[in-house]
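Have a look at the structure below, then the notes.
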Amino acid sequence: VKLNSDGTFVTYEYYSGEWDLCDTGTWEYKNGKIYTSHEGVKTIGEGAFYACARLDTLALPAGLISIGSEAFQECATIRRVIIPNSVTHIGESAFSDCQLLQHVTLPNNLTTLERSVFEDCVSLRTIDVPNGLTSIKGLAFSNCPSLVSLTIPQTVTSIDVNALAYCYFAYSNLINNS
């Protein structure tokens, strides 16, 4: 990711050499937050902000539909993520290894938490899991030792092996609303 002196993104080149989102929309970085004035953004591509070290709060734009795999992986300074209800897909490892991430608000339209989506988010304390979620894939919350409780809605019918590996909250704090 390349930034202008005013904080606007000018280009981005994914590590595989493919051009991605930031050259098609106007993204701004101000006071530790990413903003977009491009209302038409529907997808954040795979690895789009991989290892971006200057993010604090991430409030994604309304109308966004999909967050690609590894889109925010290893963004070590993100503390809070607010995902709009328009999002229906969050890819594998999208937020994995975000070391300072403490709180996530997931969208109401999300049905699946993909593999490793929050793996190694060692500071994650709270996550708002929406009603309507049906599946939690393997390693989704693996190694999230700060997670104090997790409320699983009654709509969840599948939790894969190791989805909660190395989470140390008491089983009494794992709540299934069925």
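The values are calculated or read from the model by the stated rules, or taken from the named source; none is laboratory data. This one's a predicted model, so the numbers in the text were calculated from it and none came from an experiment. No Cβ is skipped: glycine too gets one built from the backbone with ideal geometry, and neighbour counts run over all protein chains shown. These accessible areas exclude ligands, DNA and RNA; they are computed on the full protein's heavy atoms, side chains included. Shrake-Rupley method; radii C 1.70, N 1.55, O 1.52, S 1.80 Å.
Using the Kirkwood radius built from alpha carbon pairs, what does the Stokes-Einstein equation give as D for the range 32-160 at 10 °C and 1.306 mPa s, in µm² per second? Working shown, then result.
Values: Rh = 14.3 Å.
Translational diffusion coefficient: 111 µm²/s.
Can you give the local net charge around Ala51? Use residues other than it whose beta-carbon is closer than 11 angstrom to its beta-carbon, Lys and Arg +1, Asp and Glu -1.
Values: positive: Arg54; negative: Glu70, Glu74, Asp97.
Spelling it out: positives minus negatives among the neighbours equals -2.
Per residue, how much accessible surface does the range 90-167 expose to a 1.4 Å probe? Answer in Å², no decimals.
For the range 90-167, the solvent-accessible area averages 38 Å² per residue.
Roughly speaking, to the nearest percent, how much of the range 48-165's 1.4 Å accessible area is carbon and sulfur?
About 46 percent, which is the carbon plus sulfur part of the accessible surface.
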